[in-house]
Amino acid sequence: MLSKLKGMKDGAIALFLKSFVNERLSKFGEVQECQVDTANSRVQLRVMLKGEKEPIDLAVERYELERVGDERFIRLKSFSCTREWIGVALNHRLADKQFKLPAAVAGLL
């Protein structure tokens, strides 16, 4: 029963995240698949980048959730990607950065 609830929670977060990322990064491509594993603090994405023939696989290998007052934040710790240079760029620019979570997502966590 508990694993079923966890799966439903992870699925709901994944749907929101896919929509959230697609809205903000549509000029670069589209997230085709999104999987969230809250137990292991991991996110996997399959992304079709504009100008590419095949999608890439991208992962947030680890993230941490933080609370400051009534607000929730996510700190992205490390990334990997099937395109090595993208993983390197993401780790260089976004690793250990903190982002405020929208209330809809924070409510699920």
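Derivation of every value follows stated rules applied to the coordinates shown; laboratory data play no part. As the structure is a computational prediction, the values presented were derived from the model and not from experiment. All Cβ positions, even for glycine, are placed from backbone atoms using ideal geometry, and neighbour counts span all protein chains on display.
Quick notes on this one:
- Matching residues in segment 62-78 - criterion: being closer than 18 Å to GLN35 by Cβ and surrounded by fewer than 15 Cβ atoms within 10 Å (Cβ to Cβ): LEU65
- The strands (runs of 3 or more DSSP E) located wholly in segment 7-77 that include 2 or more residues which are over 11 Å from the mean Cα position of the chain (by Cα) and farther than 22 Å from GLY87 by Cα occupy 56-68.
- In segment 79-109, the residues that are touching a strand residue (DSSP E or B) at 6+ places or on another chain (Cβ under 7 Å) and either in a loop (DSSP other than H, G, I, E, B) or within 15 Å of ASP37 (Cα to Cα) (or both): PHE79, THR82, ARG83, ALA95, ASP96, LEU101, LEU109
- Conditions (1) under 24 Å from GLY107 (Cβ atoms); (2) surrounded by 16 or more Cβ atoms within 10 Å (Cβ to Cβ): number failed by ALA12: (2)
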